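Single-structure report; data block below.
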Number of protein chains: 2
Amino acid sequence: MKILVIGGVALGPKAACRCKRLMPDADITLVDENVFISYGGCGLPYYISGEIQNLDDLRSTPYHTLRDPRFFAEMKGLKVRTQTRAMKIDRAAKTVLVRDVVTGAEEHLPYDKLVIATGATPRMPPVPGNDLQGVHSVTRLEAAGVIRKACQEGKVEKAVIVGAGFIGLEVAVALADMWGVECSVVEMMDQALPGVLSGTLGLMAAQDLDSHDVHLYASEKVLRLEGEDGRVTRVVTDKRELDAQLVIFAAGFLPNGQLARDAGLDVAPFGAIVVDEEMRTSDPDIYAGGDCVAIPNLVTGKTGYLPLGSMANRQGRVIGTNLAGGHATFPGYVGTWAVKLFDMSFCGVGLTVERARREGYDAVSVCVEQLDRAHFYPEKNMMSLELVVEKGTRRVLGMQGACTAGDALKARVDAVAAALQYAKPTLDDISNLEVCYAPPFASAMDVVNAVANVADNVLAGRMHPVTGAEFMELWQNRRENRVFFIDARPTAGSRTLEERFPGEWHGISLEDLAAGRLPDVPKDAPVALICNTGLRAYDSELILHRHGFTNVRNSMGGMQAVMKMGLKP
Amino acid sequence: MKILVIGGVALGPKAACRCKRLMPDADITLVDENVFISYGGCGLPYYISGEIQNLDDLRSTPYHTLRDPRFFAEMKGLKVRTQTRAMKIDRAAKTVLVRDVVTGAEEHLPYDKLVIATGATPRMPPVPGNDLQGVHSVTRLEAAGVIRKACQEGKVEKAVIVGAGFIGLEVAVALADMWGVECSVVEMMDQALPGVLSGTLGLMAAQDLDSHDVHLYASEKVLRLEGEDGRVTRVVTDKRELDAQLVIFAAGFLPNGQLARDAGLDVAPFGAIVVDEEMRTSDPDIYAGGDCVAIPNLVTGKTGYLPLGSMANRQGRVIGTNLAGGHATFPGYVGTWAVKLFDMSFCGVGLTVERARREGYDAVSVCVEQLDRAHFYPEKNMMSLELVVEKGTRRVLGMQGACTAGDALKARVDAVAAALQYAKPTLDDISNLEVCYAPPFASAMDVVNAVANVADNVLAGRMHPVTGAEFMELWQNRRENRVFFIDARPTAGSRTLEERFPGEWHGISLEDLAAGRLPDVPKDAPVALICNTGLRAYDSELILHRHGFTNVRNSMGGMQAVMKMGLKP
């Protein structure tokens, strides 16, 4: 059995090694057009920062064996040909035309089974000047080496990152935190981490960047790059000019589906190769996986795309099993992700509320701020969680969050992610979701249960939420809208603001409201409530409802959320 | 609508407050026989240690409002009667006879709906001397206060804890870590955390205790307590005598189901009240929840018992909703838990391999040692995970683990727990389980996927595992069993042991085995393999299989697991 694998970064070697373990007699050849194969591309930002010492660390096993072609030949029994580009698949002859990129020599390699693992290419916006020196994308080891060398040699004072997605922000953090480079991030969309974070959490990400002097310019477009002597010196956007000795494009990826398309295989409109549950293309002898394939989004039921190293590894194992005659399946994805910025980590799964609405769901989202552990436990972190729910069905469509404790946040998101993989969970399921409990790990009513409980209260009409940003907008426009603002915190908490805004910011603690300060609240005006995190404001809202106040708004996550977003009264 | 709630610690107040929010006109009375209500009993070990300053912190909201009877009266609109014991339920008259424990006055309280939240009582083994001063259980605030005071006053040099379950070990850690008390833990069963950890992970827990001078005496029974002047001075077991100025019984709980049983309600043989999915007892006007009820184990399908504050809180909300006319449900539990010892945290869900076998499953378990994050990321922690699988069906029955990073461990366990709640996941599901990925959070092939992959290899007969303890037993008996021991680590790793045990411990690295040292391995002897964590030993095993070696054993988790268990060659 001759097996040919095109592509040697993540999925290719995984599929080949798994197959070889199951079927030691298989004759497996792996070709890749680059010099380096089998590297952890996701680690490049940490090499740039210097946290990873050597590029070889990204090409090594956990016990420091270099995964070079010799390793795969001697230890895994594969034939590896680097600097060898696949040019054309001849499905009738069952051969692939390959070209040696050094000598130009061409050759037809035969196969019984073929694996396409061609990955994706960074999207490079067609702006003038993108070919200047000092302009990079961060997907190949070589580029990361050049960027770090320039930083080490003190040649980079200012950098512009184009794109506020995962890689763009990871690189901005690496440059700013470890090399003191003054970073600006230019993003076409209107927020940080567009598509995977709500506007609310996006503001928290922007605030974390801003408080470490990384400036996000959202809703802004790069028009051109300018340079001197062939080196970039400036980025010109539709709103400003930014000096830069280094420009990094991190504006997403395009799946490399052309080779498959040319061979007549099914390819999705956006360029990714279509595969079935067994990761087979429309030709049963050809598999494909990793960053070049389209896979089902298990939340929407539609075809989607999630180019992550973790997906490639799991799909690679499935393909390896199937190459050896098995019937492993890869059902699709729910869209988990994680990113660590400066103080804050962000994780998510499924749809944001904005994305859910674009997909046609009548969706609402609810944010809470709650400690990750028992509030009486000494070490603890405030966690922001936002749950996205379809109104009529109460179906949970996604959850995203922010926390200084990344693992604690990941725990909540991974639990909801597992529920989304095996069921169409409702609010009530998440309200009852059983997660490991002890005071050093969680509250008795964990934050993941709490966010579902709050959503339940919102859907039932017991709570009328506004986001922290909406609350602050009401506050800014208080002269026009005549909203009556109540700070429901204990008096000590609200005093400063009450003294600063006399007659406008009303410190009426929950206790005082319950004990008789109801007459202080005008019946004819809209009321906006805020407290520390939302608990007291909710109880205050219930008291107001009971006494006939119908136009009450409650700031979700309270002052905690407002401050995390970098807003202030 | 008159609602009466018996019990004011966790479930009672939760159910009452939830009901009152939904149905503000409800007339709700809560009775409790103790002085203090609504406290976080799970926090008592952290009060004993001093990490929590005041007992009041366990009775307060996150923003420091004391949850005393006045709080519930004024803020929540409940009638609270403490030091009031429920004596008898008259279901025909719909009244409860209560007695004032101070005055002895009795009274019949009427109800339309009743909630039984009587909790559980610590199991106090009937050993002579258990009524001496200095002998406690840790469930009530008062006992914790006495214990901490004794420590603060330097009156406790040595303590014996009876029971190596969650509370016993948390208290041992609190006493040893913060007060320098010399602690011994006596456990009747043969390991730490019996029932929730496998023998393998139990050894890791014992090693964490032992390396901090807390001594576990397993398979040992307390016969009597001895004292002087009415104060305990010594614990006598069937194997030794232990001096102690403090003895703490933490030998489990018995559900308080007698009141329900006396009223003719269905009660399980082990004493817990039987409830349906809506948390209703066999009388539709009487609900019960928390530590006094039996609920379905969703893994085994049998009736079970899980007395945890987190269960009580979630069940309380369900009861509160239903009291107000709703139809919330609580489907059961999968048995998640977490405990932090000294350096290590432990979490788990579902069945251990031993428990699964007792339940009649043809079960096997597989252990891995893998880093929680990408191996090239600078901050990372070795995680032990053990997956329990039914052989024929490949169904996952549980997972337990150990790690210095508690939240990272919780993330893996909670993801599997969610899968167990919504499906009957197989190995293949966990192999594909999608969890948040980025190098600061996980490996591209996460440890939770890896443990399923290893289990797949074991079930397929590609890998023949032994536990670290079994490997060391083979090693100890090497003169008799003639096993040939191979250390597959790179030569630098195996050299020390090879020099110490010449001709017995054979350093044959995976590379050397692949490159031609096969003839060094005798064909007629059993072979036992070990490496760092198991990866290299697996590849070595595959090479040996290909060359006709059939009697090969592979030490799961390699030297990492062996060392964590406190074993050494």
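Here are the numbers for the structure shown:
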{"read-out": "Exercise: per-residue mean of other protein chain Cβ atoms within 10 Å, A:299-310", "value": "2"}
{"read-out": "Volume per residue of the C-alpha convex hull in the stretch A:47-91, rounded to whole Å³", "value": "131 Å³"}
{"read-out": "Percentage relative contact order, the stretch A:161-268, counting C-alpha pairs under 8 Å, at least six apart", "value": "26 percent"}
{"read-out": "Total charge dipole magnitude, the stretch A:451-492, about the Cα centre, Cβ charges on Lys, Arg, Asp, Glu only, Debye to nearest 20", "value": "160 debye"}
{"read-out": "Long-range tail of P(r) for the stretch B:4-107 (Cα pairs > 15 Å, %)", "value": "66 percent"}
{"read-out": "Those residues of the stretch B:366-411 for which accessible area with every protein chain present is at least 30 Å² below the isolated value (1.4 Å probe)", "value": "B:His375, B:Phe376, B:Tyr377, B:Pro378, B:Asp407, B:Lys410, B:Ala411"}
{"read-out": "Charge dipole (the protein assembly as shown, unit charges on Cβ, about Cα centre) - positive-most of B:Ala263, B:Gln83, A:Leu459", "value": "B:Ala263"}
{"read-out": "At least 50 Å² accessible surface lost relative to isolated chain, residues of the stretch B:435-469 (1.4 Å probe)", "value": "B:Cys436, B:Tyr437, B:Phe441, B:Ala444, B:Met445"}
{"read-out": "Amide H contacts under 5 Å for B:Ile286, placed H, 5+ residues apart", "value": "B:Leu114, B:Thr281"}
{"read-out": "For B:Val5, residues with placed amide H under 5 Å, excluding near neighbours", "value": "B:Thr29, B:Leu30, B:Val31, B:Val115"}
{"read-out": "Estimated translational D of the stretch A:401-487 in µm²/s (Stokes, Kirkwood radius over Cα pairs; 20 °C; 1.002 mPa s)", "value": "139 µm²/s"}
{"read-out": "Calculated from backbone phi, Karplus (6.51, -1.76, 1.60) coupling profile of the stretch B:272-285 in Hz, x at Gly/Pro", "value": "8, 6, 7, 10, 8, 4, 8, 6, 9, 6, 5, 9, x, 8"}
{"read-out": "Relative contact order, percent, the stretch A:418-489 [alpha-carbon distance under 8 Å, six or more residues apart]", "value": "21 percent"}
{"read-out": "Karplus-derived HN-Hα couplings along the stretch B:358-372 (A = 6.51, B = -1.76, C = 1.60, θ = phi - 60°), whole Hz, x at Gly and Pro", "value": "4, 7, x, 7, 7, 10, 9, 10, 10, 10, 10, 10, 8, 5, 6"}
{"read-out": "Isotropic mean projected area of the C-alpha convex hull, the stretch A:332-464 (nm²)", "value": "8.2 nm²"}
{"read-out": "Alpha-carbon radius of gyration plus Dmax, which is the widest Cα pair, for the stretch A:171-228 in Å", "value": "12.3, 40"}
{"read-out": "Spin-label pair A:Lys568/B:Gln83, simplified geometry with 7 Å Cα→Cβ offset, distance in nm", "value": "5.0 nm"}
{"read-out": "Cα shape, the stretch B:69-133, gyration tensor, a/c 1.5 rule", "value": "prolate"}
{"read-out": "Residue-count net charge about B:Leu30 - beta-carbon cut-off 9 Å; Lys, Arg +1, Asp, Glu -1", "value": "+1"}
{"read-out": "Accessible surface of the stretch A:322-363, 1.4 Å probe, proportion on carbon and sulfur as whole %", "value": "44 percent"}
{"read-out": "Global geometry of chain B, whether rounded, prolate or oblate, following the gyration tensor of its Cα atoms and the 1.5 cut on a/c", "value": "prolate"}
{"read-out": "Alpha-carbon centroid distance for the pair the stretch B:294-372 / the stretch A:428-469, whole angstrom", "value": "19 Å"}
{"read-out": "At most 14 other Cβ within 10 Å, DSSP loop - chymotrypsin sites (Phe, Trp or Tyr not before Pro), the stretch B:244-337", "value": "B:Phe270"}
{"read-out": "The stretch B:25-171, Cα convex hull volume normalised per residue, Å³", "value": "162 Å³"}
{"read-out": "Sum of -39500 (n - 2.57) over DSSP H runs of 4+, divided by residues of chain B (222 nm, nearest 500)", "value": "-8500 deg cm²/dmol"}
{"read-out": "Trypsin sites (Lys or Arg not before Pro) restricted to DSSP loop in the stretch B:498-569 with at most 14 other C-beta within 10 Å", "value": "B:Lys523"}
{"read-out": "Normalised per residue, the volume of the convex hull around the Cα set of the stretch A:158-293 (Å³)", "value": "153 Å³"}
{"read-out": "Solvent-accessible area buried by pairing B with A, both sides, nearest 100 square angstrom, 1.4 angstrom probe", "value": "7900 Å²"}
{"read-out": "Solvent-accessible area, 1.4 Å probe, carbon plus sulfur percent, for the stretch A:7-66", "value": "49 percent"}
{"read-out": "Mean Cα-pair separation over length for chain A, i.e. relative contact order, pairs under 8 Å, 6 or more apart, %", "value": "11 percent"}
{"read-out": "Estimated inter-spin distance, B:Met189 and B:Ala73, nm [label 7 Å along Cα→Cβ]", "value": "4.5 nm"}
{"read-out": "Within the stretch A:200-355: Cβ-based charge dipole about Cα centre, in debye rounded to nearest 20 (Lys, Arg +1; Asp, Glu -1)", "value": "240 debye"}
{"read-out": "At q = 0.14, 0.25, 0.30 Å⁻¹, base-10 log of I(q)/I(0) for the stretch B:345-396 (Debye sum, equal scatterers on each alpha carbon)", "value": "-0.46, -0.92, -1.13"}
{"read-out": "Probe 1.4 Å, accessible area per residue of the stretch B:6-134, Å²", "value": "44 Å²"}
{"read-out": "3J(HN,Hα) from dihedral phi, the stretch B:246-256, Karplus parametrisation 6.51/-1.76/1.60, rounded to Hz, x for glycine, proline", "value": "9, 10, 10, 8, 9, 9, x, 10, 10, x, 8"}
{"read-out": "Percentage of interatomic Cα-Cα distances in the stretch A:21-70 larger than 18 Å", "value": "44 percent"}
{"read-out": "For A:Asp210, label point 7 Å along C-beta direction: distances to other copies, nm", "value": "5.6"}
{"read-out": "The stretch B:468-568, dipole about Cα centre (Lys/Arg Cβ +1, Asp/Glu Cβ -1), debye to the nearest 20", "value": "120 debye"}
{"read-out": "Where N is the number of residues in the protein assembly as shown, Cα Rg divided by 2.2 N^0.38 Å", "value": "0.99"}
{"read-out": "Residue-normalised accessible area of the stretch B:397-504, given per residue in Å² at a 1.4 Å probe", "value": "31 Å²"}
{"read-out": "Sparse-neighbour loop sites [trypsin sites (Lys or Arg not before Pro); the stretch A:266-321; at most 11 other C-beta within 10 Å; DSSP]", "value": "A:Lys302"}
{"read-out": "A:Arg123 long-range amide H proximity, modeled H, under 5 Å", "value": "A:Ala251, A:Gly252, A:Phe253, A:Leu254"}
{"read-out": "Net charge of Cβ neighbours under 13 Å - reference A:His64; Lys, Arg +1; Asp, Glu -1", "value": "0"}
{"read-out": "Whole-percent carbon and sulfur share, accessible surface of the stretch B:430-540, 1.4 Å", "value": "51 percent"}
{"read-out": "Shape category assigned to the stretch B:452-496 from the gyration tensor of Cα positions, a/c cut at 1.5", "value": "oblate"}
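The values are calculated or read from the model by the stated rules, or taken from the named source; none is laboratory data. Since the model is a prediction, treat every value here as computed from it, not as a measurement. Counting neighbours? That spans all protein chains shown, and the Cβs are built from the backbone with ideal geometry, glycine included. Protein only, heavy atoms only, side chains kept; ligands, DNA and RNA dropped before computing areas. Shrake-Rupley method; radii C 1.70, N 1.55, O 1.52, S 1.80 Å.
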